[in-house]
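Every number in this text was worked out from the coordinates using simple rules, so none of it is lab data. This one's a predicted model, so the numbers in the text were calculated from it and none came from an experiment. Ideal geometry is used to build each Cβ from the backbone, glycine not excepted, and the neighbour counts take in all protein chains shown.
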Amino acid sequence: MRRALWAALCLALPAAAFGEAGLTGGTTLTRPTSARAIAMGEAFTGVAGGIDSLGYNPAGLIGEKRARLSTFYTQGIAQDHFSFAGYAHPVPFGVVSVSGLYYNAGGVNLNLNGNNQTVIAEEDFAGMVSAAVPGPDGLSFGGTAKYYHFNLAQQATATGFAGDLGALWQSPISGLTLGASLSQLGPDVKFEQAGDPLPQTARAGAGYRLDLRPAADAPIAFSYILLTADAVRVKDMPAAAAGGIELAARVFKTGQIALRMGYVVNSDINSFSTGVGLREGRFVVDYALGVSRVFDNTQNVTLGILF
């Protein structure tokens with residue numbers, strides 16, 4: 001039944017839609033949830049990015065120094081859309097987070113059992129609990145537990161569990177951090193009896209932050225440069241590499257603006273990305289533009305509140 005549904009969907013949906021949705025729906029778990037990371041080419045494994053690190057390296061959650069509520073939204077290359085909401089909170093032993101994501105591939109007309117119907121091509125949900133804890137010698141460790149529910153054409157469903165593990169090391173070299181993670185660990189996704197493996201992903205990355213120490217009385221002054229690089233291997237896919245840069249400036253004492261760029265090597269879909277981040281007091285806004293080699297460009301927005 002599942003393969004017959006996919007055959008019908010492939011005929012009914014534009015090809016672009018399948019650049020976003022995978023054959024099992026398990027690829028929803030790999031979707032980025034941070035406009036900041038997207039703007040930097042998703043080279044984010046070696047960064048203590050707080051809640052922005054979820055999906056790349058859960059150990060990076062340790063970088064969240066204040067409680068933070070974050071929401072993310074992206075409009076896909078067809079009529080699909082993806083959203084994420086998460087809350088991270090520092091605790092005495094580290095940082096914990098609860099979050100959820102939702103993907104809707106949009107409506108499609110199908111002939112099911114002789115009747116023409118408009119159904120949601122794919123609808124996915126996942127709930128996640130994450131934690132990061134400091135370890136010895138500059139090490140931090142993190143993990144994420146996920147529960148997912150996938151629905152294919154409102155006819156077939158799959159539920160299950162997956163997990164991520166990661167580590168982050170603050171090296172003796174000032175500003176240099178190294179990270180590694182394994183994501184989408186778990187049993188096969190099963191819509192019926194047959195199963196398809198989760199898109200297990202291995203990442204290794206580095207981040208280097210150079211603090212610029214601007215003059216205290218300057219109204220606008222550059223505060224730091226962050227350089228990142230990642231190597232990524234998704235199960236049954238070629239390895240890829242990515243790099244990113246973030247240049248941040250302090251604006252009128254309480255505000256901050258950050259300009260970002262990234263590039264992905266050996267990607268069939270997205271290559272170059274850019275974006276900007278704004279912070280004023282408790283409020284954070286990040287925007288990213290993903291430039292596609294094949295499909296329309298994607299736009300992504302993150303809104304955050306610090307407590």
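Across segment 80-88, computed HN-Hα scalar couplings (Karplus, 6.51 cos²θ - 1.76 cosθ + 1.60, θ = phi - 60°) run 8, 8, 9, 9, 9, 9, x, 10, 10 Hz from first to last residue, x flagging Gly and Pro.
Counting Cα-Cα pairs of segment 85-124 in 10 Å increments starting at 0 gives whole-percent bin shares of 24, 26, 17, 16, 12, 5. When each of the peptides 27-40, 57-70 is scored by how many other beta carbons lie within 10 Å of its residues on average, the order from highest to lowest is 27-40, 57-70. On the beta carbon distance between residue 83 and residue 237, with R0 = 35 Å, the FRET formula returns roughly 0.90.
Based on the Cβ-Cβ distance of residue 222 and residue 194, what FRET efficiency does E = 1/(1 + (r/R0)^6) give at R0 = 45 Å, to the nearest 0.05?
Plugging the Cβ-Cβ distance into 1/(1 + (r/R0)^6) gives 0.25.
Of 95, 291, 189, the sequence from fewest to most neighbouring Cβ atoms within 10 angstrom is 291, 189, 95.
Can you tell me the convex hull volume per residue for segment 114-241, based on C-alpha atoms, in Å³ to the nearest whole number? Dividing the Cα hull volume of segment 114-241 by its residue count gives 193 Å³. The 3J(HN,Hα) values that the Karplus relation (6.51, -1.76, 1.60; θ = phi - 60°) gives for segment 93-100 are, in residue order, 9, x, 9, 10, 8, 10, 7, x Hz. Gly and Pro appear as x.
Cα centroids of segment 47-112 and segment 137-187: 12 Å apart. Here residue 102 and residue 30 are evaluated by their C-beta separation; at R0 = 22 Å the FRET efficiency comes out at 0.90. Spacing of the modelled spin labels on residue 285 and residue 161, each 7 Å from Cα toward Cβ, amounts to 4.1 nm.
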